Amino acid sequence: MKARLKVCRGAPGEDRRYEHYEVPFEQGQTVLDALRWIRVHRDATLAIRFSCINANACKECMIRVDGKTVYACTTRLAEREMTLEPLPNKIHLRDLVTEIAPPDERLSSASGDE
Ligand code: FES
């Protein structure tokens, strides 16, 4: 059994594109499990962000799945094609990663200018 993920790729200034991945499917897996599998087995360049993995505690894995904003670590993988995109209302950094820290909590750049 396979899950199929259609994943938005690209960085600001580049054309966004969708890449398709097939991932081994097991009941109980999450979208984040599938993204981590892709990074290990198919494409280490895929940018994703997560920290707590499945506790819904860090809130860093927030993405859009089939047009809905969700936590990738608590969203069940399905045996169908799922479309994964970055959050539309945040600064896009690369692939599925957006700037989620509030502006006053972001680190300043090394040169001191922002
Ligand atoms: S990885 Fe921490 S909330 Fe999803």
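The values are calculated or read from the model by the stated rules, or taken from the named source; none is laboratory data. On a predicted model such as this, the values are computed, not experimentally measured, just so you know. Cβ atoms come from the backbone with ideal geometry, glycine included; neighbour counts cover every protein chain shown.
Considering each of Tyr71, Tyr21 in turn, give the residue that is farther than 19 Å from Ile100 by Cα and of a type in the set (Ser, Thr, Tyr). Testing whether each residue is farther than 19 Å from Ile100 by Cα and of a type in the set (Ser, Thr, Tyr) leaves just Tyr21.
Scanning the stretch 7-19 finds no residues that are in a loop (DSSP other than H, G, I, E, B) and buried (at least 17 other Cβ atoms within 10 Å of the Cβ). For the stretch 72-87, the tally of residues that are among the polar types (S, T, N, Q) and within 13 Å of the ligand (Cβ to nearest atom) stands at 2.
State which residue is surrounded by the most Cβ atoms within 10 Å (Cβ to Cβ) when the search covers only the stretch 32-59 and only residues that are within 13 Å of the ligand (Cβ to nearest atom) and under 9 Å from the mean Cα position of the chain (by Cα). The qualifying residue surrounded by the most Cβ atoms within 10 Å (Cβ to Cβ) is Leu35. Just one of (1) outside any loop (DSSP other than H, G, I, E, B); (2) crowded, with 16+ Cβ neighbours inside 10 Å; (3) within 12 Å of the chain's Cα centre (by Cα) fails for Met82. It is (3). Exactly one residue out of Leu32, Leu107, Leu93, Leu87 is modelled with pLDDT of 95 or more and part of a loop (DSSP other than H, G, I, E, B): that is Leu87. Tallying residues that are assigned to a loop (DSSP other than H, G, I, E, B) and near the ligand (Cβ under 6 Å from one of its atoms) within the stretch 60-71 yields 2.
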